[in-house]
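In what follows, a single structure is set out as structure tokens and then discussed.
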Amino acid sequence: MTAPLQDAQGRGIRYLRLSVTDRCNFRCVYCSPSEWSGRADLLNAAELERLTRIFAALGVVRVRLTGGEPTARKDLVEITERLARVPGISELCLTTNGVRLPELAGPLYDAGLRRLNVSLDTVDAAAFRLLSGERGEAADVIAGIVAARVAGFSDLVVNAVVLAGVNDKPSQLAALVETAWQLGATPRFIELMPFSGGTLVPTDLVLARLALAGIELQPEVDKTSTPPRGPSVYYQHNRGSVGFISPITKNFCGGCNRVRVAANGDLRACLGGREQVPLRTMLRDGASDGAIAVAIRAALMLKLERHDMDAPRGRLLPMMGIGG
Ligand code: SAM
Ligand code: SF4
């Protein structure tokens with residue numbers, strides 16, 4: 001198990017994104033098919049811990065819990081406690097839509113979670129309702145971010161996906177950035193990927209519209225961070241920074257350091273790929289840690305040089321089970 005994990009292109013794999021559920025209380029129009037109700041046979045807390053130990057032994061140092069909506073899992077605090085204790089995992093992170101943070105932020109912090117990404121696409125109440133599939137309120141997410149600050153989370157990122165004609169006006173983009181800064185968080189715009197509906201607004205256009213609204217950003221000079229921050233590029237302003245993830249217009253696959261396990265336990269080497277390895281079956285059929293490690297290594301040998309989400313070939317496998 002000792003040689004550190006690598007993919008077919010020789011990229012070192014240090015970051016595991018673990019989807020803990022494919023259920024969600026929202027139906028974001030860019031993410032979830034409206035009829036989606038969650039259907040995976042989920043890994044239990046002990047299975048998630050065992051898998052994390054195997055990945056850690058292979059050199060993974062960062063784990064992000066995602067979904068679906070991870071706070072929909074009743075045992076999320078227990079999962080967090082178990083994973084935070086795994087030797088070798090130096091960073092445990094969570095991505096959430098934020099609405100359950102008022103009751104969960106404190107217990108999650110106490111369980112060992114230190115990094116939180118909260119999705120808030122816009123502070124415009126009507127646009128937020130539309131984007132969440134009429135399931136959510138921007139004010140509830142903002143209350144969740146405030147609760148996270150109070151609980152002690154200092155490293156907060158606010159993720160926003162921008163859709164043409166919905167939340168892409170210069171004033172809407174600027175209001176989101178200002179609100180995130182006021183809440184002590186770093187706003188980060190993610191380019192729309194073709195999982196479900198909506199029209200892409202490229203990063204360069206978001207930058208131009210922010211400038212139009214009076215927020216002129218400078219590219220970051222110092223990009224060093226340990227472990228590396230992956231595909232995000234941060235721009236600076238004297239009042240704070242703004243991140244951008246641009247999977248469509250600025251391919252970042254060369255620096256990919258991640259692997260994904262979907263809610264049903266399928267290993268996915270690439271978010272844009274279709275190859276899957278059913279780790280749940282191995283966990284439940286009595287496979288040894290060594291055999292699972294061999295299967296993980298083999299799956300990563302199928303990982304291509306880059307995703308082809310920018311190619312016009314239709315939709316990807318649903319995001320809900322994979323976790324972004
Ligand atoms: N429910 C949680 C949330 O919304 O933060 C975690 C799961 S969600 C799938 C993880 C991230 O993927 C969120 O930041 C969400 O905005 C992003 N996402 C979902 N669909 C996307 C799409 N089509 N393109 C780009 N990002 C997307
Ligand atoms: Fe749910 Fe997150 Fe997808 Fe929205 S982006 S539907 S909150 S999983």
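The values are calculated or read from the model by the stated rules, or taken from the named source; none is laboratory data. Bear in mind that the values here come from a model prediction, so they are computed numbers and not experimental data. For neighbour counting, all protein chains shown are included, and Cβ atoms are generated from backbone atoms with ideal geometry for every residue, glycine included. To get the accessible areas, we keep the full protein, side chains included, count just its heavy atoms, and leave off ligands, DNA and RNA. Shrake-Rupley method; radii C 1.70, N 1.55, O 1.52, S 1.80 Å.
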Q | Stretch gain in nm, segment Ala208-Ser154, where the contour uses 0.36 nm per residue and the Cα spacing is subtracted | A | 16.5 nm
(Q) Please compute the per residue accessible area over the chain with all protein chains in place, 1.4 Å probe, rounded to a whole number of Å². (A) 41
Q.
Once you place label points 7 Å from the Cα toward the Cβ at Ala46 and Thr249, how far apart are they in nm?
A. 5.0
Q: With 5 Å bins from zero, work out the P(r) of the range 1-85 over every alpha carbon pair and list the percent per bin.
A: 3, 14, 22, 19, 15, 13, 10, 3, 1
(Q) What number does the range 1-142 give for Rg over Rh if you use C-alpha atoms and the Kirkwood radius? (A) 1.01
(Q) Given the DSSP H assignment, sum -39500 (n - 2.57) over each helix run of at least 4 residues in the chain and divide by its residue total; what's the result at 222 nm in deg cm²/dmol, nearest 500? (A) -8500 deg cm²/dmol
**Q.** Potential extension, Ala298-Asn25 segment - 0.36 nm per residue separation minus Cα distance
**A.** 94.8 nm
Q: Could you tell me the distance between the Cα centroids of the range 180-209 and the range 135-156, to the nearest Å?
A: 19
Q: Could you estimate the translational diffusion coefficient of the range 99-199 from the Stokes-Einstein equation, with Rh from the Kirkwood formula over C-alpha pairs, at 20 °C and 1.002 mPa s, in whole µm²/s?
A: 154
Q: Could you work out how far apart the two model spin labels at Ser90 and Thr199 are, taking each label as a point 7 Å from the Cα in the direction of the beta carbon, and quote it in nm?
A: 4.5
Q: Please figure out what share of the DSSP beta bridges in the chain is antiparallel and state it in percent, rounded to the nearest 5.
A: 30
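Give the relative contact order (percent, whole number) for the chain; include only Cα pairs under 8 Å separated by 6+ residues.
22
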Q: Between Ser288 and Ala3, take the C-beta separation as r, use R0 = 25 Å, and let me know the FRET efficiency to the nearest 0.05.
A: 0.90
Q. If the viscosity is 1.306 mPa s and the temperature 10 °C, what Stokes-Einstein diffusion coefficient in µm²/s follows for the range 15-322 when Rh is the Kirkwood radius over Cα pairs?
A. 80
Q) Accessible surface of Asp110 in the full protein assembly, 1.4 angstrom probe, to the nearest 10 Å²? A) 130
Q | Additional length obtainable on full extension of the chain from Gln182 to His237, 0.36 nm per residue less Cα span | A | 18.4 nm
